[in-house]
Amino acid sequence: MRICMVSDFFYPSIGGVEEHVYNLSQMLLSLGHKIVVLTHAYGDCSGIRYVTGYLKVYYLPIKVCYNQCILPTAVCNVPMLRAVLLRERVEVVHGHSAFSALAHEALMVGSLLGLKTVFTDHSLFGFADLSAALTNNLLEVNLGMVNHAICVSHIGKENTVLRARVAKHRVSVIPNAVDTALFTPDPQQRPSNDIINIVVASRLVYRKGIDLLAGIIPRFKNTPNINFIIVGDGPKRDLLEEIREKTNMQERVQMVGAVEHNRVRDFLVRGHIFLNTSLTEAYCMAIVEAASCGLQVVSTSVGGIPEVLPKSLILLAEPEIDAIYAAILIAIDRHRKSSFKVSPSVGNGHLASDANGKVKRRRRRKVDTPISPTQLPAVSAPPADQNSSTEPVMCPYRCNELVETLYNWEDVALRTVKVYDRVLNERSFTTSELVFAVWQHGSWFLVFFVVAHFLMRLLELWRPRKHVEIAQDVQRRAS
Amino acid sequence: MASNAQLGKIILISAIAVFFYYFFWVAVLPFMLIDEGNPIRLFFPPLKYAFIVPTVFGVIFLGGIAAFSFYHIWSLRVKRD
C-alpha cells in the first residue's frame, strides 16, 4: 500500500503532530508499506530528503505564512501536489491536523484525482469565537470530501463530529502512542532525601493553563521539601519567573526553558509527580510519557484526558486552583507513605537493585513476582490508616509496562492500516458527489473547488497522467 | 521548452504589466489634465470599456461555475431518484 502523509508540521519542527506523523510512518514502513511525507520547506531544508528507514520526505518550496502554516490559497499548489501524488503512485492521502492548510489542499487534490483520503484531527477546538467558526466551516468543507477521519480520543471524535458535521460512522478513534523504550523510569535519579519533585513539561502558553500553575506554586511557599521542575518556554514564562521571585522560591522552582524532545526524559525521571494544567486537550502525549517514566500524574480533567490513563496512574481534578492543589496533596501523601515503607530497609534496596538489572532485559515476566511482595505492605496500610480508597503508588517499572501495553506504535499502525483497507474498499467519489458535498457544507468554497477541478483538467491535457515519470523507489538492501 | 522558472517570470511580468496598464487607465488617466488630441489617448480605449469587460468576464466566470455546479447537483439527484 502506498500512502502519502501530508502536514504543515514535520521535522525539523517539533511538536505532537510531528511526532505522530514520524512514528506512524516508521511503523508503516516496517510493516512493508511505502510511505511518503509532504510538508513545506523549513528554511534551507528544501527539496527531497530521506530520513531514518528510507522515509522519503518532500519539503515543497512553499513559503510559510503564519505559525508554520502555508498561505491557504486552495488552488495555487494544485499542479505541484498533483505532480507529487502521481509520481509516487499514491493510493491513500493521509492529512494531519485541522490547522494544516497544506493537508487540506492535498486532500482536495487527492479527491479530485480519485484517490482515497484520510484525515487525522489532533486537537479540540471551540465553537463560539470568530476564528473557531471560520476554521470549523473550512474543516467541514474538507471533511465532506474525505473518505474517513481519525481522532485521537473519543472526546476528540465528539468534538470533530459536532463542529465539522461529519457522519459519525466515518470517524474512527485511534489514540496516540508513546515509545516506552525512550521513556523508561530511573528512580535513582530522584533525590535521595525526602524531597519530592513536581515536574511540569509543556509550552508555557495560556492554553496549557499556566495561569493555574502560577496560582498553585505560591501555595507551596511554606511547605518545605516540595520542589518544581518546569520544562518548556513560551509567553507565560515571565509570569512564572515573577511568581518565583515574589514567593522567594528561587532554589525550589527550577525553570529549565526549552528542551529538545529527546532530553525531556532526563527531567522527567528526576520527578515523583507530573503536573498537567491544560485548559483544553484532545489527548496529551506529555502525561503518557510521564506515566511511562514512572511518575504519578496529576492533571486537569478536561477534553480527552480522562480516557488517556487508567485511574491507577492519574489523579484528575477540575481546572481550578483549589482542586488541583488538593489533588497534588493527595499525590504527595501517597508518595510519603510509600517511600516511608520502602526506604528504611537495606534489603529492599538490594531487591530494587536486582529488579533494576533484570527488568532491563524485559523478557522474564516472573521477575515481577518478587517485586509484588514489596507492594503488599503498602497496599494494606493506607486503607487501614485513612479509611479511604486512595491507591498506593505503583512501582515505576510497573507503570512503564502498563503504558507499554496500553499505547504502542505498532498497535496504532495496525489500526490505521485497518482504516486504509476500509477506505480502499470503498468506491471513489465522483465529481458530482464531491460538488454536492461542497455545496452542502460550504457553497462559498465551490468557486475554489470548481477552479481546481478545471485546473486539474488542464493539467491532464498539458501533462497527461500516462506521461508522468514514475519516481524510483529506494529499497532496503537485504543484509 | 522554457524552464519553469523562466515561465514563472514571464507570467509574473505579464501579470504586473497588465495590472499597471489597467491601473493607469482607470485611476490615473481620467485625472490627467491633457487635451483631447493628445497621442497618449490612442493607447487607451474609452473609459466605459474598462468596466464593461471585467464585469462581463466576472459574470461569465461565476455563471460558468454556477452552471457547472448545479448541473452536477442536478445529475446526482436524478441518479438517486
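Summary of values
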| quantity | calculated |
| --- | --- |
| Cα-centre dipole for the protein assembly as shown with unit charges at Cβ (Lys and Arg positive, Asp and Glu negative), debye to 20 | 1540 |
| Charge dipole (the protein assembly as shown, unit charges on Cβ, about Cα centre) - positive-most of A:Val256, A:Thr431, A:His40 | A:Thr431 |
| Overall Cα dimensions of the protein assembly as shown - principal axes, largest extent first, Å | 106, 60, 51 |
| Rounded if a/c under 1.5, otherwise prolate or oblate - segment A:194-319, Cα gyration tensor axes | rounded |
| Kyte-Doolittle mean at least -1.0, axial Cα span of 30 Å or more - DSSP H helices of chain A | A:321-342 |
| Excluding exposed DSSP-loop GluC sites (Glu not before Pro) (at most 15 other C-beta within 10 Å), longest clean stretch of chain A | A:1-250 |
| Per residue, in Å², the accessible surface of chain A once ligands and nucleic acids are set aside, probe 1.4 Å | 46 |
| Nitroxide proxy distance, nm - points 7 Å out along Cα→Cβ at A:Arg336 and A:Ala471 | 5.9 |
| Threshold 50 Å², segment B:62-81 residues less accessible with all protein chains present than alone (1.4 Å probe) | B:Ile65, B:Phe68, B:His72, B:Ile73, B:Leu76 |
| Within segment A:221-237: backbone nitrogen closer than 13 Å to the A:Asp194 label point (7 Å, Cα to C-beta) | A:224-226 |
| Label zone at B:Tyr22, where the point sits 7 Å out along the Cα-to-Cβ direction: segment B:45-81 residues whose backbone N lies under 19 Å | B:45-65 |
| Cβ-Cβ FRET estimate between A:Ala258 and A:Asp211, R0 fixed at 25 Å, reported to 0.05 | 0.80 |
| Within chain A, helix-based [θ] at 222 nm, where runs of 4 or more DSSP H residues each add -39,500 (n - 2.57), nearest 500 | -13500 deg cm²/dmol |
| Size of the A/B contact, given as accessible area buried on both chains, probe 1.4 Å, in Å² | 1300 |
| Chain B: angle of helix B:48-80 to the longest principal axis, Cα-based, in degrees nearest 10 | 10 |
| Most fluctuating residue given options B:Tyr49, B:Tyr21, B:Tyr71, as computed from a GNM of chain B linking Cα atoms under 10 Å | B:Tyr71 |
| Charged-residue dipole, Cβ positions (Lys, Arg, Asp, Glu), chain B about Cα centre, Debye nearest 20 | 440 |
| With every protein chain in place, chain A: carbon and sulfur % of accessible area (1.4 Å) | 55 |
| Charge dipole of segment A:268-322 about the Cα centre (unit charges at C-beta), most positive-ward option of A:Val269, A:Pro306, A:Ala286 | A:Val269 |
| Percent of beta bridges antiparallel (DSSP, chain A, rounded to nearest 5) | 15 |
| Pairwise FRET efficiency - B:Phe43 versus A:Glu401, Cβ, R0 = 56 Å, nearest 0.05 | 0.10 |
| Distance violations [Cα-Cα > 24 Å] among A:Lys63/A:Lys208; A:Lys157/A:Lys208; A:Lys34/A:Lys466; A:Lys311/A:Lys418; A:Lys157/B:Lys79 | A:Lys63/A:Lys208; A:Lys311/A:Lys418; A:Lys157/B:Lys79 |
| Cut-off under 5 Å, modelled amide H: who pairs with A:Ile14 long-range | none |
| Spin-label pair B:Lys79/A:Leu424, simplified geometry with 7 Å Cα→Cβ offset, distance in nm | 2.4 |
| √(5λ) per eigenvalue of the Cα gyration tensor, segment A:275-339, largest first, Å | 19, 15, 8 |
| Helix-derived mean residue ellipticity, 222 nm - over chain B, DSSP H n ≥ 4, -39500 (n - 2.57), to 500 | -23500 deg cm²/dmol |
| Solvent-free Debye scattering, log10 I(q)/I(0), computed from the Cα coordinates of segment A:101-218 at q = 0.16, 0.17 Å⁻¹ | -0.91, -0.96 |
| Candidates per trypsin sites (Lys or Arg not before Pro) in segment A:29-64, loop by DSSP, up to 15 other Cβ within 10 Å | A:Lys63 |
| Cα centre as origin, Lys/Arg/Asp/Glu Cβ charges: segment A:224-274 dipole, Debye | 180 |
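The values are calculated or read from the model by the stated rules, or taken from the named source; none is laboratory data. All values reported here derive from a predicted model rather than from experimental measurement. When we count neighbours, we look across all protein chains shown, and the Cβ atoms used for this are built from the backbone with ideal geometry, even at glycine. Heads up: the accessible areas ignore ligands, DNA and RNA and are worked out on the full protein's heavy atoms, side chains in. Shrake-Rupley method; radii C 1.70, N 1.55, O 1.52, S 1.80 Å.
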